[in-house]
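So the structure is just underneath, and the comments pick up after that.
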Amino acid sequence: MQKSLHLDPAKCTGCLQCEMACSYEKLGEFNPSRSVIKVFTFHEEGRFAPYTCTQCDEAWCLRACPVDAITMDMSTGAKIVIDDKCVGCKVCTISCPFGTINYVQETGKVAKCDLCGGDPECAKACPTEAITYIDANATGYDRMKAFAEKSLPSANTSA
Amino acid sequence: MRHVIIGAGPCGVVAAETLRKQDPDSTIILIGNEPIPPYSRMAIPYFLMKDIDEAGTHLRSDDFYDTHNIQYLGHAVENVDTDLKVLTTDDGTEIPYDKLLIAAGSKPLLPPIEGADLPNVHNCWTIEDARQIAERSHSCLEVVLMGAGFIGCIILESLAKMGVNLTVIEMGDRMVPRMLDDKAGGLLEKWCIEKGVNIRTSTRVNSIKEEDDVMIVELDNGETIQACTVISATGVKPNTEFLKGSGIEVDHGIVVNTNMQTNVANVYAAGDVAQGKDFSTGNYEVQAIQPTATDHGRIAALNMAGHLVEHNGSVNMNVLDTLGLISHSFGLWMGVEGGDSVDIYNEEAYKYINLRFGADKEEDVLVGASTLGMTQHIGVIRGLIEGKTHLGVWKSRLMKDPTRLMEAYLSCTQELDNVV
C-alpha cells in the first residue's frame, strides 16, 4: 500500500518542528528557511497550515525538466531531484502549479520533498499529528490533492 | 503504426516517450538535425560556464532511445510529401510515415545588419555554437552581445562569468521587453551595470566590420566598440522552410487545432514551431517556451496514439536568472483593461512583484504577474492563473500586500477546515 503525507491544518500549532526536522535531515543543520515543508501563518484567523509537495500524479516538475533530473522513486511514489543532473534552469519551479519545488540560490539547484525515502522526518517530528505518513487511501490527503488538482483544467488531459 | 517525429528537442523527445507508453508496438522514428544525441538548449548556458559537460545537456540518458525502441536519426529533413506520406532527409533517405509530428523548433534570426554574416558573429543556439564561443572567448577581452531578450539574458551570465568585458546592445527601451515591464526591466539593467556589464538600451547596431581579426561594432548613438567576438541573440523564428509545397498551413508558426493537428490529415505540430492556443488570450500564438513545448509534445502524442485529448491552452511564462537576479513573468503580465493591479517595488533590495487581476466577473482572479528577486513557491502563480481561482476576500488582502500570495493560494485551493 502506497503511503502519503497527510497534512491537517486544524491540528497544526505552528511550532515549526517539521521545518527544523526537515532541514536537519537534508542539510545536517537547523535551517528552517531551507526546509521543503513550510508552515504558513494566517494572522487574521490565528491558524497555521503545513504545506509541501503532494507527489502529484501529473508530475508537472518531472515533465518540464529539460535534462531528466527529476525521477520517480518507485517505492514511495516521490518525485526526486537528482542534484548531479539539475542545472538550475528553474523551469520546474514555474511549471509546478502547487509551488512546491523551489530554486535554492546557495546550491544553484532546485529542492523539493522526497518523502525522506519513505520515512519522512517532518511526520516524526510533529507533536500534534498535524503531519502523518499513512496509507494513501485512508487519508483526507487525497481529497486535498484532488481539490487542488481539479482547479487546473489541463490536469484533465492525461490519458 | 509508424510514427515519425521531426525535431529532437524537448517536445519531440517527450512526444516519442509518450507514444511509446501509449502504443507499445508502434515504430517510432525521431529525427534531429544535428549528428549528436538529443539535447536541451536550456542547458547550453551551463555548458558554456563549464558547470556541466556535454552529456549534461542531453535530454535523456544515452541508452534511453534503445531501451524504448525509438530510432533516432541525426539528419535534417528537406522535404515532406503529405500525399505520399513520406519525407526526405538531407542524405536522400526517404522515410514513410503513418502519423507525422512536426516539432522542428525555431532557429535564430539573422539581424538585417551589415556584417551580421561575418564568421566571428555567432549565434548561441546549438552546442556547436557554444563550443565555438567557448573557444573564441577563451583568449578574448571584449565581447559584444546583440539582444537583451530572453535568450540574450540567458547567455549573458555565461559570457560575464568568462571574465570578458561584455557590452550588451538592446534596441528595446529596456531589458527583456517582451517579458518584463519598465520597472522590472529597469531594475534588471541597474543590476547588470552594477555587476560590471555594459548595457545599451534603445540602441541599435548599425554595422559590424572585421579588421585584422578585430570586430568593429558601430552603434546608432555614434559609439564604436572593438571586440573579438560578437554574439547575436536578436530573436528566433519557427523552422518551417522545409514545409514549402507540403500543403501544411503556416502562419507565424504551423497552424494547429486543440488536438495539435494541422490542416493536413495525419500531420501534427507541436512546440516552438506550432501556433498553439494561449491559455490567457485564447488566441493561437507561437510561445516558444520550454513548458509549452513539453505540454504540446505530450498532447500531440496522445492524439497520435488515438486518444482524443484537447489542449486547453498553455500559460505563457518565463523564468530568467541574470547574474543571480531571478525574474519571472506569467500570463497577462502587462494587465487587462479594467483589471486591477498592484505592485511592490524595492530598488535597493532588487525586489519587485506585480500582480494583475481580471476585469468584471474575473475581477478577483489573477490573470498575470511579474516578479524580480523572488524564488519561493513561485509556481502557485501559474496555479492561480490556470485554475482561474476566485480569490474572494484575498483579493483586497493582496491589493494591500501582494507578497501574501502563498497564503491566498492555500486559503483558496486547499481545504483548510475553518480557515477562511
Does B:GLU17 fit the bill of being surrounded by 20 or more Cβ atoms within 10 Å (Cβ to Cβ) and not in a loop (DSSP other than H, G, I, E, B)?
yes
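For B:ALA104, state whether it is touching a Pro at 6+ places or on another chain (Cβ under 8 Å) and at pLDDT below 95. Please lay out each step first, then the result.
Details: touching a Pro at 6+ places or on another chain (Cβ under 8 Å): yes; at pLDDT below 95: no.
Here the answer is no, as B:ALA104 does not meet what is asked.
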In region B:280-297, which residue that is buried (at least 24 other Cβ atoms within 10 Å of the Cβ) and not small (Gly, Ala, Ser) is farthest from the other protein chains (Cβ to nearest Cβ)?
B:GLN287
Filter region B:254-271 for residues that are surrounded by fewer than 24 Cβ atoms within 10 Å (Cβ to Cβ) and either among the aromatic types (Phe, Trp, Tyr) or in a loop (DSSP other than H, G, I, E, B) (or both) and give the result.
B:ASN257, B:THR258, B:ASN259, B:ASN263, B:VAL264, B:ALA265, B:ASN266
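Kindly indicate which of A:GLU29, A:GLU58 is within 11 Å of chain B (Cβ to nearest Cβ) and either touching a Cys at 6+ places or on another chain (Cβ under 7 Å) or not in a strand (DSSP E or B) (or both). So that I can check it myself, show each step before the final result.
Details: A:GLU29 fails: within 11 Å of chain B (Cβ to nearest Cβ).
When all the criteria are applied, what remains is A:GLU58.
Looking only at region A:1-26, which residues are within 11 Å of another protein chain (Cβ to nearest Cβ) and outside any loop (DSSP other than H, G, I, E, B)?
Taking region A:1-26 first, the residues within 11 Å of another protein chain (Cβ to nearest Cβ) are A:7-12.
The answer is A:LEU7, A:PRO9, A:ALA10, A:LYS11.
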Qualifying strands (runs of 3 or more DSSP E) (wholly inside region B:326-420; at least 3 residues being surrounded by fewer than 20 Cβ atoms within 10 Å (Cβ to Cβ) and in contact (Cβ under 8 Å) with a residue 60 or more places away in the chain)
B:341-346
If you check A:PHE40, A:PHE98, which single one turns out to be within 9 Å of another protein chain (Cβ to nearest Cβ) and part of a loop (DSSP other than H, G, I, E, B)?
A:PHE98
Given the condition in contact (Cβ under 8 Å) with a residue 12 or more places away in the chain, more than 14 Å from chain A (Cβ to nearest Cβ) and under 22 Å from B:LYS244 (Cβ atoms), answer yes or no: does some residue in region B:53-70 qualify?
no
Residues of region A:61-81 being more than 11 Å from chain B (Cβ to nearest Cβ) and either at negative phi or crowded, with 23+ Cβ neighbours inside 10 Å (or both), which ones?
A:ILE70, A:MET72, A:ASP73, A:MET74, A:SER75, A:THR76, A:ALA78, A:LYS79, A:ILE80, A:VAL81
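Condition (residue is of a type outside the set (A, V, I, L, M, F, W, C) and on the phi > 0 side of the Ramachandran plot) applied to region B:189-205: is it met by at least one residue?
There is at least one residue in region B:189-205 that is of a type outside the set (A, V, I, L, M, F, W, C) and on the phi > 0 side of the Ramachandran plot.
Just checking: which of the strands (runs of 3 or more DSSP E) contained wholly in region B:78-127 hold 1 or more residues that are within 24 Å of the chain's Cα centre (by Cα) and surrounded by fewer than 19 Cβ atoms within 10 Å (Cβ to Cβ)?
Values: elements: B:86-89, B:94-96, B:99-102, B:106-108, B:121-123.
Those strands (runs of 3 or more DSSP E) span B:106-108.
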Within the bounds of region A:68-77, is there any residue that is closer than 26 Å to A:CYS12 by Cα and not small (Gly, Ala, Ser)?
yes
B:ALA270 being assigned by TED's automatic domain parsing to the domain that holds B:CYS11 and at positive phi:
no
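Yes/no per residue for (1) under 28 Å from B:ASP62 (Cβ atoms); (2) buried (at least 20 other Cβ atoms within 10 Å of the Cβ); (3) among the acidic types (Asp, Glu); (4) without any contact (Cβ under 8 Å) to a residue 24 or more places away in the chain:
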{"position": "A:LEU27", "(1), (2), (3), (4)": "no, no, no, yes"}
{"position": "A:PRO32", "(1), (2), (3), (4)": "no, no, no, yes"}
{"position": "A:VAL39", "(1), (2), (3), (4)": "no, yes, no, no"}
{"position": "A:GLU45", "(1), (2), (3), (4)": "no, no, yes, yes"}
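From the set of residues in region A:101-126 that are aliphatic (A, V, I, L, M) and more than 14 Å from every other protein chain (Cβ to nearest Cβ), which is surrounded by the most Cβ atoms within 10 Å (Cβ to Cβ)? Explain how you work it out, then say what you get.
Going residue by residue through region A:101-126, those that are aliphatic (A, V, I, L, M) are A:101, A:104, A:110-111, A:115, A:123, A:125.
Checking which are more than 14 Å from every other protein chain (Cβ to nearest Cβ) leaves us with A:115, A:123, A:125.
Details: A:LEU115: 24, A:ALA123: 22, A:ALA125: 19.
Among them, the one singled out is A:LEU115.
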Restricting to region B:302-325, name every residue that is outside any loop (DSSP other than H, G, I, E, B), within 28 Å of B:TYR46 (Cβ to Cβ) and more than 7 Å from chain A (Cβ to nearest Cβ).
B:SER314, B:ASN318, B:LEU320, B:THR322, B:LEU325
Would region A:140-151 turn up any residue that is facing another protein chain (nearest Cβ under 7 Å), modelled with pLDDT under 95 and part of a loop (DSSP other than H, G, I, E, B)?
yes
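The values are calculated or read from the model by the stated rules, or taken from the named source; none is laboratory data. These numbers come from a predicted model, not from an experiment. All Cβ positions, even for glycine, are placed from backbone atoms using ideal geometry, and neighbour counts span all protein chains on display.
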